Structures are given as C-alpha cells and as structure tokens.
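Right, one structure below, let's go through it.
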Amino acid sequence: MSQHHRKKKPRRKANVQEVSRRPVDVIQADWQHGLTREQAAERMACGWDNRPVDASMVSVKEIIRENVFTYYNLIFLILAALLVVVRSYRDLSFLLIIAVNTLIGIFQEVQAKKELEKMNMMAAPKVSAVREGKLRTLPAEKLVRDDIVLFLPGNQICADARVVHGEAKINESLLTGESDEITKGVGDELVSGSYVVSGKCYARLTGVGEDSYIAKLTIEAKSMKKGEQSEMIRSLNRLLVFVGIVLIPLGITLFVQSYYVNQNEFSESITSMVAALIGMIPEGLFLLVSVALAVGAVRLGQRNVLVHDMKSIETLARVDVLCVDKTGTITDSSMRFKKLIPARGYDPETMPELEKLVGDFAGAMGHDNATMDAMKSYFREGTGQKARKVSPFSSAAKYSGAVFEKNTYVLGAPEFVLGDDFARYEDEISEHTSRGYRVVVFASYDGEPDGKPLTGQAVPLGYILLSNPVRKEAPETFSYFARQGVAIKVISGDNPLTVVEAAKEAQIQDAEKYIDARALKTKEDISRAVREYTVFGRVTPTQKRQIVKALKAQGHTVAMTGDGVNDVPALKDADCSVAMASGSEVAAQVAQVVLLDSNFSSMPDVVMEGRRVVNNLERSASLFLVKNIFSFLMSLFSVISFISYPLEPAQISLISMFTIGIPAFFLALQPNTKEIQGRFLSNVLVKALPAGLTDTIAVGALVIFGKVFEVPESDISTAATMLLAIVGFMVLIKLGGPMDRVKWIMWGGCIGALLFSSIFFPNLFAITGMSTKCIMLFVVFSIATIPVLQGLTAGVERLREVWRKLRAQK
C-alpha cells in the first residue's frame, strides 16, 4: 500500500523458474532410499525444484516503483512544473513534504518486508523427504522432482505426486469444493493443494514448481478479481476515486475563472489553482495507512504472530463473535491417557487382557491424530496379533478400525461407534464425560470398517478416558473478550458434556448453554442454535462451516480459530481466520493470522493492535479530511462568487505540516484499545465535516469582509492561513483526546514550530505582515470560530443520530 492506495498490492510476476530448466532423466527412486544427494543437487541446479510461482512479498524494486510512480505524484509533478513555469519557486515547498512522505513509505515497507520475510520463513511448510535412506525435514521449496516424500495427517500436498507406498485419506475440498475424503493407495495420484486427513503414504513428486496443479491455478487466478478488502480500505478507495474525478475539472475551472474572468495575472492564477488542488489531495493519508498497517504487522510479529493478510488486522479488531475449537485453543493440543475402564461387553474369562487388545489395535494404527498418539505411547504391549486391514481415523465418521484374523475392532466417539445402541450405555459414558474426560469407546464389530458410517453392530469392550489440559492463560484471555463484548462460540467434535467442562474451567460465559450438533438437521436449526447456545459438541466439519455462515448471515463479524484439518473449511469462510502453528500445516497456510507460538493468549494482543490501528487511523484521517473538505468547498465558493482562491501553495504546506502531517503520524502510533464502532468513512466524515465547514465559513467571510474593507489580498491570505491553523489546533485537541502530557508537548511543539517558521521564514511560506484592519478582522473571526465549530459539531452529531434511528426503523 502506498499513497495512491491501490486496491491490493499486486503480487510478483509468476516466478516461472528464474533458473532456466534443463532436461534431466526421470528416476523411479525406491521409497525407502529416495534420491541421492547428487541427484537432488542436479535437479536443483537444472531448475526442477519446488519454488512457488507466486511470492506473496513484492520486491524492493517494486516497493520503490509503487511509492514513486503514483497518480498523485504525477499530479504533484505537473503542478510543480506549472509553478516553475511561472517562477513561483517558494511555492514548491510542498515537494519536500511529498518527497519525505515517499521516502518514509519506502523505508517502512522495506523494513516490514524484511520482518515479514523472516516470519514467513519461520512459518514456511516443512516436508519429510527420503534422501539416501534417511528421512530429512526440508522446506517445501527445496524439494525436487522425483523426491520421495512422506505425507502424514494434516500435511498439505505441496506438489503433484504419485503414491509409491502406504495409504491415506485425502481431502481435495480446497480444489474441488467436495468435502468427501478419497482413499489414495499405491499408484494413485496426489494433487497439490489437497491435504491428508488420515493415514500416511510415501509419494514420488511428479510435478513441482510451475508444473504443479496448484501453480497453474495460481497463475490463472492472476487474471481474476482480487480478494475482498477490509471496510477501511474500501472507504479510502472510494475517497480516492472521488478526489481523482473532481480534481482536474475543478482545477481547470479555477484557472479559467481566475485568469479569464477575474483578469488576474497568469502566474497568480496558476499559484491559486495549485494551492486549491494541493489542499484537496490527501497526500499523506494513504502513506499513513501503509505505515500504520506495516508497523502493526511488525509489532504482532514481535509477539510471535504472523499476519498473512494485513487487512485481517482491521477485521479481527471489528470481530464480535469468536468461534474456537476446544482442543488446541481452550485446551492444550496434547492428549493424555487417563484410564481404561472395561465395559459390560468385555468378558475377562474368555478374552485376552483388555489392555493388550487395545495394544494390538494401537500398534496397527498410524499416527492419525493426538488421540492415537496418546494411546500408542501408553498401550505398547499386545497379544502379537497383526492386522490384515486398517481403516484410518475419519473426521466425518469419527472412528478408526482394524481387521485381525479372528476379530474386528473399532475405536471412536461412542455416539458414532454404537449408533442406535448408544442409549443403552449413555449413563455410564456420561458419568465420565460430565467430569471433563473425553471418552472413546473400544468395541468389537461384526462388519468390515471402510471409513464410512458404521452399519453393523458394535459391542463396547472398554472406555478409554482421555483429557486435554486447559491452558493456564485461557481464563484470562476469555475474560478479556467478555469485557470487550465479543461472544464466544465453542465448536468441537467432542462430546458436548466434555466440552462444557473445559469451557467452564476456562471461565467462558454461558458455558452451560450447550447442544449436541447431531440434533441440528437443517439450516434453520443451526441459525436458531447460534443465537441460543455457546457450546456445540459433536460438530462435523460441514457443520462448523454452516455455523460460521449462519453467524455471518445474522450480521456478525466472525473470527474462527483452529489447528486441525477439519477446521479448514470454516477457517476459509470466516471473516478472519486464526491458526496455531503447532497444528496442521494446511490450517496454518489457509489462515490469515498464525500464532507462531501456538499461544491463544496472544489473541488479545492481535485485537488490541487492530483497534489501535483502526481507531488511530480514523483520528488521523479526520485531520487530513478537514483540509480536503475545506479546499473543495472553498474552491466551489471561489468559482461561484468569482473570487480567487485565497491561499498560496506554500501556506497550504505550512498548515499541512504542523496541524495535520506531524500530528497525524504521532496519533497513528499511540496506544488505543477503544472498541471500534460504526463505519470507517462515516466516522471520519463526522469528525472532519464540522471543522471543514468552520474553515470554509471563517475564511470565506474573511475574504468577503476583506474586500468590503479593502484589505490587501496578501494580508487576507496570511490571516486565512492563521485562521486555518487556529481551527486545526482546536480540532487536534478534540481528536487527540483525552490529552496527556505527551500529547500536550506534541501540540505545543507544533504550535511553536508553526510560529517559528512563520516568523523566521516568512518569505518561504508566503507570510506577510497584516494591516490594522486585517488584524481586527482576524481577531473577530478567530473568536467566532469557537462557537461555530461547537455548533456545527453538535449539529452533525444530531443529524447522524437521526439518520441512525431512521435506518434502524427500516
């Protein structure tokens, strides 16, 4: 973002391999050995690596170009050329401000680029590749064609590949929109952009870099509409379009009216026109937004928060509903085994030890999820049975299964495993869930599990009690959101009673209001439930997405936090998505904000940083718009009343520097945790309009009375400059409030600097002495500005309230 505030910073041109590709032989490497170091190096040197085709960071060269070659800089250059033609060199002082603005913008964006690149490197996806018989962890971009890669649950497929060993369930919803999990075995193709839900497999990369499916989609997407923008950015763009449209015709009209109608000299007509146009251009506002957002992203980075999309800083600050998962957010993502309790279906006289049966099952399963990791770490001994078929955990069906020689066993959520028989065992299961345990049932099964919902009969053999410890910082974090008026919705796949206990321990308000999501059959059910309930248990990935959509449909700004693969669809649909870096890789890649230390207590920092940025930019933008509104209205008044624009460019620069530019940058970086209310542009206009109107009335009246009393135009020009300065400093106190010692020092320093510049550099800023008549007029209008400003402020506020009531009635 720069002064012209483009809609979205364009990405770099497709990085279609900076190193020219040279042909290499295809190697069918053994999945246990992989490529040799020399083979990998050859492919890297020949350009067959997996570098992304689309870097999210612009280059330093692009930053410089985008800050220098802007529409408004072109306008300023033309205006400067006109002043040179008429030899009005002192009025070129605005160029110094423009140059400083541009240099600051370049410096801040380059610094932010460096910081964000460091953080992106920290959060970059890592991949396990087999090289020379050893499993090595590499950045995804360091992979080469023919590499053998191990894909585990939560991994995103980083390049097109073909399975050479193992089996995994793959979700291609990010590419196709279909949420069905597809089982991929030896010989099946894996498409980049999809991700592993369960199971594990080794695959040979066949399409890397520009050849991958996801790369082709990325290149195609360049010609499509850019992503949505935040409310603040949209408002500023509308302002930019309006100013850009009226600027040139109004400037031409002012020149024609001054030169041909008022018969002023050519040089005088040029300088008055330039002054009016400079006053209408918010030259520092867009730079200020760039700097504020960049500084915000860097500040969050210093708190271990990576911002993929800077608009999310504003969006998260406006959030009024926060959807959280239990595991990884309220609780630690680690799962701990607590106890194994035999069920009524277990007969110790005819069956092996229950622990050893579970040990056989756990030994047959892969590292599908945290539950299985906890079981594998505890149940290490078995009977020696080997599974002839394994069905990895399915987030949709909520169970995993294994077929042995004599028996088939399933493990998963009791409601899903036991089906219609769940009611028979509900009391004994609820006894454990009500104490906050997560209960999974280990059962024998009379069918063959295939990852789809069970249709046969399952007989429970034992209940495995697990728990996630509630994060220590969770109560304080949720207490903060409660104070800020942000509603919490806990959305989990666990038993609702288990989730309720965790939510209560985390001190989430209304945690006792819960519902089992299996009872939500229709969109209407979900729409009603999000109004009434806080905790949602047994939620499927599809329902998570529906809950987020229902909240948005009710007018809420929704943030979603998650760390699992099943959170991805909901993360994509939320207004702002937040992922834990310790969670699944695909969730971190999809989310707009990533908590690098996976610490949910960082969330208040993100919200407060967003509020600081948006609230302060509203105040600073109001300062800029005071000048813009005045210049626009004064230009119209000049055209209508056939008078020349009363100020010179140098005088506009003087006022802009000390009543707008310096204070605006100071205010933009101040602490501010006030809750964001209303819309950005309307808030800014309400704050700026009274002062802009006051300036127009005071200066317009001063010019008219000056003509009546035959006061020299140079005196009127100086008096008008000082009048604008007085109103500017009054506005500064109002917008900067509550004033503290530091703000008073800034305010007094700007007044002192303006007076110093006026006294010691009068020629540079076109400041002249004032006659007695002019001084008398100046004093009268200076005093009059106070009640006028107060009255207009009250009037605008009253009109705004009336407008709000009318809208509410509709």
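Let me confirm something: among LEU205, LEU190, which residue is within 15 Å of GLU167 (Cβ to Cβ), buried (at least 24 other Cβ atoms within 10 Å of the Cβ) and either in contact with a Cys (Cβ under 8 Å, 6 or more places away or on another chain) or not basic (Lys, Arg) (or both)? Break it down into steps so the answer makes sense when it comes.
Working: LEU205 fails: within 15 Å of GLU167 (Cβ to Cβ).
Answer to the check: LEU190.
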Here, strands (runs of 3 or more DSSP E) confined to the range 480-558 with at least 3 residues that are modelled with pLDDT of 90 or more and aliphatic (A, V, I, L, M) are 487-491
message: I'd like to know if the range 780-802 contains one or more residues that are open to solvent by 30 Å² or more (accessible area, probe 1.4 Å), polar (S, T, N, Q) and outside any loop (DSSP other than H, G, I, E, B).
response: yes
Here the residues within the range 427-473 that are free of Cβ contacts under 8 Å to residues at least 12 places away in the same chain and within 15 Å of ILE341 (Cα to Cα) are ASP427, GLU431
Scanning the range 519-562 for residues that are open to solvent by 30 Å² or more (accessible area, probe 1.4 Å), within 23 Å of GLU415 (Cβ to Cβ) and within 20 Å of the chain's Cα centre (by Cα) gives ARG545
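For every residue, the table says whether it meets (1) open to solvent by less than 10 Å² (accessible area, probe 1.4 Å); (2) touching a helix residue (DSSP H, G or I) at 6+ places or on another chain (Cβ under 6 Å); (3) farther than 22 Å from SER395 by Cα.
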| position | (1), (2), (3) |
| --- | --- |
| GLY456 | no, no, no |
| ASN468 | no, no, no |
| ALA474 | yes, no, yes |
| GLY485 | no, no, yes |
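Right, THR383: over 21 Å from GLY166 (Cβ atoms), part of a loop (DSSP other than H, G, I, E, B) and touching a Pro at 6+ places or on another chain (Cβ under 7 Å) or not? It would help to see each step written out before you state the result.
Values: over 21 Å from GLY166 (Cβ atoms): yes; part of a loop (DSSP other than H, G, I, E, B): yes; touching a Pro at 6+ places or on another chain (Cβ under 7 Å): yes.
Yes, satisfied.
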Here the qualifying pairs (Cβ atoms under 9 Å; residues six or more apart or on different chains; first in the range 520-538 and in contact (Cβ under 8 Å) with a residue 60 or more places away in the chain; second part of a loop (DSSP other than H, G, I, E, B) and of a type in the set (Gly, Ala, Ser)) come out as ARG538/ALA413; ARG538/SER492; ARG538/GLY493
Taking the range 248-285 and the residues there that are over 45 Å from the mean Cα position of the chain (by Cα) and outside any helix (DSSP H, G or I), the one that is farthest from LEU617 (Cα to Cα) would be GLN263
Checked the range 639-655 for anything open to solvent by less than 10 Å² (accessible area, probe 1.4 Å) and of a type in the set (S, T, N, Q); matches are GLN651, SER653
Of those in the range 589-611 that are among the hydrophobic types (A, V, I, L, M, F, W, C), farther than 17 Å from ALA317 by Cβ and open to solvent by 10 Å² or more (accessible area, probe 1.4 Å), the residue modelled with the lowest pLDDT is VAL590
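Output the residue which, of all residues in the range 440-454 that are farther than 15 Å from VAL358 by Cβ and not small (Gly, Ala, Ser), is most open to solvent (accessible area, probe 1.4 Å).
Of all residues in the range 440-454, those farther than 15 Å from VAL358 by Cβ come to 446-454.
Then keep just the ones that are not small (Gly, Ala, Ser); that gives 446, 448-450, 452-454.
On the way: ASP446: 107, GLU448: 98, PRO449: 3, ASP450: 81, LYS452: 134, PRO453: 101, LEU454: 36 Å².
Here the residue is LYS452.
Residues of the range 586-622 being hydroxyl-bearing (Ser, Thr, Tyr) and under 19 Å from ASN304 (Cα atoms), which ones?
Within the range 586-622, the subset hydroxyl-bearing (Ser, Thr, Tyr) is 598, 601-602, 620, 622.
Within the range 586-622, SER598, SER601, SER602 qualify.
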Among residues of the range 713-746 being farther than 15 Å from SER620 by Cβ and of a type in the set (D, E, K, R), the residue least open to solvent (accessible area, probe 1.4 Å) is ASP715
| Check on MET657, among the aliphatic types (A, V, I, L, M), within 25 Å of VAL289 (Cα to Cα), in contact with a Cys (Cβ under 9 Å, 6 or more places away or on another chain) and at pLDDT 85 or above | yes
Listed by first then second residue, the pairs whose first member lies in the range 204-233 and is modelled with pLDDT of 55 or more, whose partner is loosely packed, with under 15 Cβ neighbours inside 10 Å, with beta carbons under 6 Å and at least 6 positions apart or on separate chains, are GLU210/VAL16
Residue set LEU636, LEU571, LEU625, LEU617; condition among the aliphatic types (A, V, I, L, M), in contact with a Ser or Thr (Cβ under 6 Å, 6 or more places away or on another chain) and part of a helix (DSSP H, G or I); output residue LEU571
If we keep only residues of the range 299-341 that are within 30 Å of ALA553 (Cα to Cα) and in contact with a His (Cβ under 8 Å, 6 or more places away or on another chain), then the residue surrounded by the most Cβ atoms within 10 Å (Cβ to Cβ) is VAL321
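For the range 389-415, enumerate the residues that are part of a strand (DSSP E or B) and under 37 Å from the mean Cα position of the chain (by Cα). Reasoning before the result, please.
Here is the first cut: in the range 389-415, the ones part of a strand (DSSP E or B) are 389-394, 399-403, 408-412.
Hits for the range 389-415 are PRO392, PHE393, SER394, TYR399, SER400, GLY412.
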Subset of the range 349-373, residues modelled with pLDDT under 85, in contact with a strand residue (DSSP E or B) (Cβ under 8 Å, 6 or more places away or on another chain) and open to solvent by 60 Å² or more (accessible area, probe 1.4 Å), comes to HIS367
Flagged pairs (Cβ under 7 angstrom, 6 or more apart or on separate chains; first in the range 236-254, closer than 15 Å to LEU82 by Cβ; second outside any helix (DSSP H, G or I) and open to solvent by less than 30 Å² (accessible area, probe 1.4 Å)) are LEU254/TYR645
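Yes or no, residue by residue, for (1) farther than 26 Å from LEU92 by Cβ; (2) open to solvent by 10 Å² or more (accessible area, probe 1.4 Å); (3) more than 30 Å from the chain's Cα centre (by Cα):
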position: GLY661; (1), (2), (3): no, yes, no
position: ALA664; (1), (2), (3): no, no, no
position: ALA668; (1), (2), (3): yes, no, no
position: ASN672; (1), (2), (3): yes, yes, no
position: LEU685; (1), (2), (3): yes, yes, no
position: THR694; (1), (2), (3): yes, no, yes
Subset of the range 318-364, residues acidic (Asp, Glu), assigned to a loop (DSSP other than H, G, I, E, B) and within 47 Å of the chain's Cα centre (by Cα), comes to ASP320, ASP325, ASP332
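The values are calculated or read from the model by the stated rules, or taken from the named source; none is laboratory data. Note that the coordinates shown come from a computational prediction; the quantities given were computed from them, not determined experimentally. Neighbour counts are summed over all protein chains in view; Cβ atoms, including those assigned to glycine, are modelled from backbone coordinates with ideal geometry. Ligands, DNA and RNA are excluded from the accessible area calculation, which covers all protein heavy atoms including side chains. Shrake-Rupley method; radii C 1.70, N 1.55, O 1.52, S 1.80 Å.
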